[in-house]
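> First the structure, which I've put down as structure tokens, then a few questions once you've had a look.
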Amino acid sequence: MKRWRARLARLAEHPSARAILFAVAVVEASVFPIPPDVMLLPMVLAAPQTALQLALLTSLGSVLGAAIGYALGAWFLDALAMPLIEFYHLEDAWRAASVRFAEYGAWFVLLASFSPLPFKVATLAAGALGMPFGAFLLACVFGRSARFFSVALLTAAYGEAFLRWAERHAQILSALAAFAAAVAVILLWALAGG
């Protein structure tokens, strides 16, 4: 895993880095274990003025990948999704995701956008357990966008200092981001007359 992370970080300097970042975001949300942050953050550090563009690109790729993960869970659970879960030794995460998904539905997908739980597990579970696709997509758009925009903007604003802090406090950062996303969704729901 460490070799993959190092390779992706080096690819942040590649002339086709944006296309690679998009591809990594797509596959991370459906089949790949390494988050696109590994490329996103060095790219933002190198060109802070592109933080919004890069966050948007990463969010779009991640939502597309989430839709692919949903389809794998819905239509190819036994043939593709479960072998993938077993390959990455994510059986415990799968069981936990299935239980949490049954309890919380779209809220689980939204919160999984930030949590240490691999996002692909949430996307596969949503498809396998029949979550309505519209609610799934909306949770992915809100959650993944909030995650990637927040880390890109914080990296652009505070640079290396933020990255060092985030590495030491990843769990706290995930919890704060998930809380902020949940509050934002509740406010939007309330403003819409929910």
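> Hey, which of the helices (runs of 4 or more DSSP H) in region 1-94, taking only ones fully inside, have at least 3 residues that are touching a Pro at 6+ places or on another chain (Cβ under 6 Å)?
Because the criterion is at least 3 residues that are touching a Pro at 6+ places or on another chain (Cβ under 6 Å), the helices (runs of 4 or more DSSP H) in region 1-94 that meet it are 17-28.
> Can you spot a residue in region 76-94 that is crowded, with 20+ Cβ neighbours inside 10 Å and touching an Asp or Glu at 6+ places or on another chain (Cβ under 7 Å)?
For region 76-94, residues crowded, with 20+ Cβ neighbours inside 10 Å and touching an Asp or Glu at 6+ places or on another chain (Cβ under 7 Å): present.
> Among the residues of region 7-59, which ones are under 14 Å from the mean Cα position of the chain (by Cα) and among the hydroxyl-bearing types (Ser, Thr, Tyr)?
30, 58, 59
> Among the residues of region 108-153 satisfying the criterion of being of a type in the set (Ser, Thr, Tyr) and not in a helix (DSSP H, G or I), which is surrounded by the most Cβ atoms within 10 Å (Cβ to Cβ)?
My answer is 113.
> Let me ask you something else. Here's a check for you: in region 63-73, which residue that is hydrophobic (A, V, I, L, M, F, W, C) and at pLDDT 95 or above is surrounded by the most Cβ atoms within 10 Å (Cβ to Cβ)?
Once the filter is applied, the top-ranked residue is 66.
> Looking only at region 66-90, count every residue that is among the hydrophobic types (A, V, I, L, M, F, W, C) and either in contact with a helix residue (DSSP H, G or I) (Cβ under 7 Å, 6 or more places away or on another chain) or within 19 Å of residue 143 (Cβ to Cβ) (or both) and tell me the total.
Matching residues across region 66-90 total 11.
This table checks each residue for (1) more than 30 Å from residue 163 (Cβ to Cβ); (2) in contact with a Leu (Cβ under 7 Å, 6 or more places away or on another chain).
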{"position": "56", "(1), (2)": "no, no"}
{"position": "75", "(1), (2)": "yes, no"}
{"position": "91", "(1), (2)": "yes, no"}
{"position": "94", "(1), (2)": "yes, no"}
{"position": "97", "(1), (2)": "no, yes"}
{"position": "103", "(1), (2)": "yes, no"}
{"position": "111", "(1), (2)": "no, no"}
{"position": "129", "(1), (2)": "yes, no"}
{"position": "137", "(1), (2)": "yes, no"}
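The values are calculated or read from the model by the stated rules, or taken from the named source; none is laboratory data. Note that the structure is a prediction, hence the values are computed from the model and not measured. With ideal geometry, Cβ positions are generated from the backbone for all residues, glycine too; neighbour counts draw on all protein chains shown.
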